[in-house]
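Let me begin by presenting the structure, written as C-alpha cells, before commenting on it.
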Amino acid sequence: MRFLFLNQYFPPDPAPTGIQLAELAEHLRSRGHQVDFVSSGQEYRRKNKRGRLRREFKALGTILSGGLLGPRPDVVVSASSPPCLLAVATVVARRHGARSVHWLMDMYPELAVALGEVKPGRLSRFIQSVMGWGYRRADLVVTLDDDMAARLKTAYGAPAETIHPWVSEPMLDAAENAGATPEEPWTWIYSGNLGRAHEWETIVRAQALIEQGGSPIRLRFQGGGPSWASAQALARELNLRRCEWKDYAEEAALPRSLLCCHALVVTQRPETQGYLWPSKLALAMNLARPILWIGPVDGAIARSLRDLPGTGIFAPGCAGEVARWLLATAANGSPGTGRAMGGRQHRREALARWSGLLEGL
C-alpha cells in the first residue's frame, strides 16, 4: 500500500506530532509499504502570534497543493496541525480515490473556542460543519484518550479508536543512557512549550508560597511558548528568587535535563479537557521521577496517573495544596519511580495497533 502523510511539521523539525508520524511511517516501511510526506515546510518553534492566521492558511495551501500534485496514495493519513487539515486531507483523498485516516491530536475549532481564540458564532459553526464533513467521510479516526473519543462522539457522532501517544525510540534510548542524578537544591521543572492551553499561574504561586516559608526548593521553567512572558511577569511581581528560566533542551538532551530535577510538572487548563493531550506527558510517565499534574482531576489523564506511585494530582488554583505536596515530596528524599506507560513495549504495541488498523482498511 502507498500512504500519504499530511502534517504541518515533519522531522528534522522537533514538533512532537511530526516525530510520532515519522515513527509510524518508518514502521509501515518496515512492513513493505510506501510512504510519502507533505508538510508546510514551516518550523514548529518559529511561531509568529501576530501573523498566525496567515501562517496557518499558507500551510494549508502548501499541503493541499503538495497532496494533489503528488503520486496517488491508497491511504491519506492526516494529523491536526494546522487546524482544518482534515478538510484538506479529505479533498486530497477524494481526488485520488484514496481512503482517509485522521489522527486527532488537537480538536478544532472546539479547542480554539475553549481558549478564547475564536468566539462562538458563525465562524466556529462553519468550521465545525467543515470538520464534521471530514469526520463523516473518514474511514478511520484515532484519538489520544477516552476523553477525546467522547468529545468526538458527542460533537459529531463519529466513532474512534484510541491509541495513547508513545515515546520515540531515540528519546527512550536517551532516557536509558542519561545516567543523571538530581541536582541540589531540590528542583521541580516545567519543560516544553508553555502554550495557551497550559496552566502556569498555579505553578508560580505555589513556588511563591514555598519561598515565603523559607524552603530552598527551586522551580525551573525550560522551553518557551506564548505564555512564557506572562509567567515571567508574575514571577517578577511575586519577587521569586529561586525560579530559573532556560531555553528549550535539544531532543537528545531532554531526558537528562528532566532527570536532573526531582519532580516533573505537567499542566492543562480544564476547559481543554478532551480537546488535546499534553505531548510532554508521555516522556514524563516513563522517567523515574514523581509527576505533578495540575489540570482536570476527573478525566482520563488523571485516572491514568493515579496508578503511578508518588503522583500529585491537583486542580488549577490549588497553589497551597501543590506547595504542601512539593514540600512533603522533597522531605521524603526519594526521587520516586516513573511508570511504564509502556516504554518500549507500549511503543511496539501502539505501532502494531496502528499498522493493523491501516492494513485492515
- Query: Taking the stated definitions as given, is residue 173 open to solvent by less than 10 Å² (accessible area, probe 1.4 Å) and among the charged types (D, E, K, R)?
  - Reply: no
Among (1) at pLDDT 90 or above; (2) in contact with a Phe, Trp or Tyr (Cβ under 8 Å, 6 or more places away or on another chain), residue 72 falls short only on (2)
Residue hits (region 211-223; on the phi < 0 side of the Ramachandran plot and not in a loop (DSSP other than H, G, I, E, B)) are 211, 212, 218, 219, 220, 221, 222
> Looking at this structure, is residue 139 open to solvent by 60 Å² or more (accessible area, probe 1.4 Å) and of a type outside the set (Val, Ile, Thr)?
Replying inline: yes
- Query: Condition test on residue 130, is it without any contact (Cβ under 8 Å) to a residue 40 or more places away in the chain, of a type outside the set (S, T, N, Q) and open to solvent by 10 Å² or more (accessible area, probe 1.4 Å)?
  - Reply: no
Note: among 166, 188, just one is at pLDDT below 95 and either in contact with a Ser or Thr (Cβ under 7 Å, 6 or more places away or on another chain) or not aliphatic (A, V, I, L, M) (or both), namely 166
Checked region 204-226 for anything in contact (Cβ under 8 Å) with a residue 40 or more places away in the chain and among the basic types (Lys, Arg); matches are 205, 220
Quick count over region 12-48, residues being open to solvent by 60 Å² or more (accessible area, probe 1.4 Å) and either touching a residue at least 24 places away in the same chain (Cβ under 8 Å) or within 19 Å of the chain's Cα centre (by Cα) (or both), is 8
Per the list (1) assigned to a loop (DSSP other than H, G, I, E, B); (2) at pLDDT 90 or above; (3) touching a strand residue (DSSP E or B) at 6+ places or on another chain (Cβ under 6 Å), residue check on residue 32 breaks on (3)
By residue number, the members of region 137-182 that are assigned to a loop (DSSP other than H, G, I, E, B) and not hydrophobic (A, V, I, L, M, F, W, C) are 139, 145, 157, 159, 164, 165, 168, 177, 179, 181, 182
For residue 322, the lone unmet condition from (1) assigned to a helix (DSSP H, G or I); (2) modelled with pLDDT of 95 or more; (3) open to solvent by 30 Å² or more (accessible area, probe 1.4 Å); (4) not aromatic (Phe, Trp, Tyr) is (3)
Output for Cβ contacts, cut-off 7 Å, separation at least six or different chains, first residue free of Cβ contacts under 8 Å to residues at least 12 places away in the same chain in region 227-248, second outside any loop (DSSP other than H, G, I, E, B) and among the aromatic types (Phe, Trp, Tyr), reads none
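Listed residues 340, 331, 352; which is of a type in the set (Gly, Ala, Ser), at pLDDT 95 or above, over 26 Å from residue 227 (Cα atoms) and open to solvent by 20 Å² or more (accessible area, probe 1.4 Å)? Break it down stepwise before answering.
Values: 340 fails: at pLDDT 95 or above; 331 fails: at pLDDT 95 or above.
Only one candidate passes the filter, namely 352.
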Taking the stated definitions as given, is residue 226 at pLDDT below 95 and open to solvent by 30 Å² or more (accessible area, probe 1.4 Å)? yes
Matching residues in region 106-127 (assigned to a loop (DSSP other than H, G, I, E, B) and surrounded by fewer than 22 Cβ atoms within 10 Å (Cβ to Cβ)) number 8
With criteria (1) within 20 Å of the chain's Cα centre (by Cα); (2) loosely packed, with under 13 Cβ neighbours inside 10 Å; (3) over 16 Å from residue 284 (Cβ atoms), residue 306 comes up short on (3)
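The values are calculated or read from the model by the stated rules, or taken from the named source; none is laboratory data. Only a predicted model underlies this, so the values are computations on that prediction, with no experimental measurement involved. Reconstructed Cβ throughout: ideal geometry from the backbone, glycine too, with neighbour counts over all protein chains shown. These area figures cover heavy atoms from the full protein model, side chains too; ligands, DNA and RNA do not enter into them. Shrake-Rupley method; radii C 1.70, N 1.55, O 1.52, S 1.80 Å.
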